[in-house]
1. Taking R0 as 22 Å, what's the FRET efficiency between SER132 and LEU30 from their Cβ-Cβ distance, rounded to 0.05?
2. Across segment 157-164, in residue order, what do the Karplus-derived ³J(HN,Hα) couplings come to in whole Hz, using 6.51 cos²θ - 1.76 cosθ + 1.60 with θ = phi - 60° and x for Gly and Pro?
3. Modelling each spin label as a point 7 Å along the Cα-to-Cβ direction, I'd like the SER58/ALA41 distance in nm, to one decimal.
4. Return the long-range amide H neighbours of ILE158 (sequence gap of 5 or more, or a different chain), with a cut-off of under 5 Å between placed amide H atoms.
5. Which value in nm describes the separation of the simple spin-label points at ASP176 and THR162, placed 7 Å from the Cα toward the beta carbon?
6. For a protection proxy built on the mean count of beta-carbon atoms within 10 angstrom, sort 11-20, 125-134, 30-39 highest first, please.
7. D for segment 1-83, whole µm²/s, Stokes-Einstein with Kirkwood Rh over alpha-carbon pairs at 37 °C and 0.692 mPa s: what number?
Amino acid sequence: MDVRSDAELIEASWLEPRRFEDVFSRHYELIRAFLARRIGADVADDLAATTFLIAFESRGKYQTDRPDARPWLYGIASNVLRRHYRTEQRRLRAMARLGPEPAAWLDDEAATARVDSERMAPHIAAALLGLSKRTRDVVVLIAWEGLSYDETAEALGIRAGTVRSRLFQARRRLRDSLEPFGQYLGENPPRAPGVPTERRAET
């Protein structure tokens, strides 16, 4: 396993293209899982492959002062996903009606919360449909993928302040949308699992 940073590997790949295989190996499953949650496992492989093909072809423009390539890759994947926006809309509507595919929404570490999560997932999907596409991208990258405000801003090509603003709006919208169901599920106050609570602005 090459211990060099992503930036060092990408820079090396400018002269030795095969070095990009190490970046692919590090991050493929992460990007594929991100896409599968957004649009379904059936097309995630193709979209992940497209993401890395675009990344490889544009690697000469990578800013090597950024050692971690994840925000860059998430940004490319988000752009690829925008071309399939209608498919994601259909998927969220189906989840709102029928509930999630277990593997798409939950991992092994969340097994103890599986029942409550499956009961809430249709309501969360319906609430997500009420958000704009731009706001939904922010929620997904922070709540599902664990990116920081700055990393999310880098991935989406926006300011960190814009990320905070969209997340604040999303948190309020999701709280309002899920409140009736939270009481039924014994949650007080209810909120979407994974959506972070408000925190101070980062310096």
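What follows is calculated from the coordinates using simple rules that are stated; it is not laboratory data. Only a predicted model underlies this, so the values are computations on that prediction, with no experimental measurement involved. Here Cβ is always computed from backbone atoms with ideal geometry, including for glycine, and neighbour counts include all displayed protein chains.
1. Efficiency for this residue pair is about 0.30.
2. Couplings: x, 10, 7, 4, x, 5, 4, 4 Hz.
3. 2.9 nm
4. none
5. Taking the simple label geometry, ASP176 and THR162 are separated by 2.3 nm.
6. Output ranking for 11-20, 125-134, 30-39: 30-39, 125-134, 11-20.
7. 257 µm²/s
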